[in-house]
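The values are calculated or read from the model by the stated rules, or taken from the named source; none is laboratory data. Predicted model only: the values in this text are computed from it and were never measured. For neighbour counting, all protein chains shown are included, and Cβ atoms are generated from backbone atoms with ideal geometry for every residue, glycine included. Just the protein is used for accessible areas: all its heavy atoms, side chains included, with ligands, DNA and RNA removed. Shrake-Rupley method; radii C 1.70, N 1.55, O 1.52, S 1.80 Å.
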Amino acid sequence: MESKRMNMEEEKEDRISSLPDSILQHILSLLPSTKQAIQTGILSKRWENQWTQIPVLIFDSTGMSYENFLRFIDNTLILHDCAKIDKFHLKYCYSDRKDPQFSSKIRFATRKYVDELYLYSSTNVQEYKLPNFLFNNASLAILTTVNCIFMPNGKVSWQYLTTLSMVRCKFGDEAMELVLSGSPLLEKLSLGNCFGFNNLAIASKSLKILVFEQFLNIFYIEISCPKLDRLWLHGCCNVRTAKLLNLPSSLSANIEFKHHEDQCNEIRISLTRDILQQLQHVKELTIGSWLLEFLSQTQVGDHLSPALHIKGLTLRSHNISGIACLLRNSPVLEKLSINVTFYDQDYRDFGENYWSDATVYNCLVSHLKTIKIIGFPKRDDKHKVMLNFVQFFLKNAKVLEKLVVQLKDDGTDFPSKVSQELLSLPRFSQYAIIELICCK
């Protein structure tokens, strides 16, 4: 019996060992780190040197001393014999690292025509200055950097770069201009918590996705990207002027500005109004809870001229007067989505019958076809206002096709209660369908 079991195990091992080298190397390329790929060499002679041919190198210093980490990388690169590297990931957590040590590893990757380069420093005590040779690279397609300094000495030549992600990186106005002018195929640019500049201009004829997150000390933003598909602007606290130029009507924009408390109200109002006006023709617009609250507290909505021509609107809160402001200024709106779970507004300020007396906005007459509501308040006063809100749309949206309510399945009879309430409401549109979705 024991002999039979051993034969079966040997057969299984032989099946794996008999696979072509290319398949074995592909399997090793999928492992989380190069260290693990090397350790598979103990399985059998067949596996011993397979890792030396894989086009993926992933180094992570977690759990290793500085000296051992460098020694491990050096020994690995000496034995690595693949002519081309697809991915080279370097993650380290040392504040006293020596630039030449890490620059030599990056040079190894660039000499092997690396496609994807990932440089991650888990400490922000000392940023790593990118070596100048990296800015002149004919193979790089994807570059991700964390806690690095962008300071190119001369022109940047990233002929095939399509994706650039920078997190907690330092660069100046000139550096960004050099990067963009030297990256003619760049399609995605992501900037998070970056610093070293007060003004930022993004001009690109190829860019399709642009992400800004958590900019604390930036005063001026200018974006000119005629091919942009998605724009994400979040957490910019001190912005005073934002110019959004040459943006296509097919754009989907997600906006959430958190103004600094010291910023005067006139600047906030002007910035909010300008952003909405400059995005008036986008295909879809998502507005965060803070910006929606600011709209409800000011008279911004009374000064939007011409009106917004957006067809899809997503709101990350149920701020009543903020919603009313946007509906009033969106006459051709076709799709409305509201996430009730993001903002706990005190509905007592408006009264349970707020929507009963609300104006029938132009979009309800001939355009609004789809409404989606994520979450439904349980508390009595909020529940009544929300139910009143739904009733208002069912009663007045003449071309409404679908109302979707998404609830969390909490194991109670609450979803069933909401379903019965919704189905009992009268509808103007005979084609309107009410759909209830319960999620775990």
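I'd like the accessible area for residue 220, computed on protein heavy atoms only with a 1.4 Å probe and all protein chains in place. Round to 10 Å², please.
It works out to around 60 Å².
Can you list the GluC sites (Glu not before Pro) in the stretch 388-438 that are in a DSSP coil and have 15 or fewer other beta carbons within 10 angstrom?
401
Rolling a 1.4 Å sphere over the protein heavy atoms, what is the accessible area per residue of the chain, to the nearest Å²?
49 Å²
Note the direction-averaged projected area, equal to a quarter of the hull surface, for the Cα convex hull of the stretch 32-168, in nm².
8.4 nm²
So which of 227/283; 372/398; 382/402; 84/227; 311/378; 311/402 end up more than 21 Å apart, counting from Cα to Cα?
Values: 227/283 13 Å; 372/398 16 Å; 382/402 23 Å; 84/227 32 Å; 311/378 30 Å; 311/402 15 Å.
Flagged as over cut-off: 382/402; 84/227; 311/378.
Determine the order of 354, 361 by accessible area, beginning with the largest, at a probe radius of 1.4 Å.
Per-residue accessible area, sorted high to low, gives 354, 361.
Among the trypsin sites (Lys or Arg not before Pro) within the stretch 373-435, which fall in a DSSP loop and have no more than 11 other Cβ atoms within 10 Å of their own Cβ? It would help to have the intermediate numbers written out before the result.
Values: sites: 378, 379, 382, 384, 395, 398, 402, 408, 417, 427; in loops: 378, 379, 398, 427.
Those that pass, being in a loop and sparsely packed, are 379.
So what is the relative contact order of the chain, in percent, for Cα pairs below 8 Å that sit 6 or more residues apart?
Relative contact order for the chain comes out at 6 percent.
Rg/Rh for the chain to two decimals, with Rh computed the Kirkwood way over all alpha-carbon pairs.
On the way: Rg = 27.9 Å, Rh = 25.7 Å.
Result: Rg/Rh = 1.09.
In terms of Cα to Cα distance under 21 Å, which lysines are near enough to residue 129, apart from those fewer than 8 places away along the same chain?
Answer for residue 129, where 21 Å is the Cα cut-off: 87, 91, 98, 105, 155, 170, listed by chain and number.
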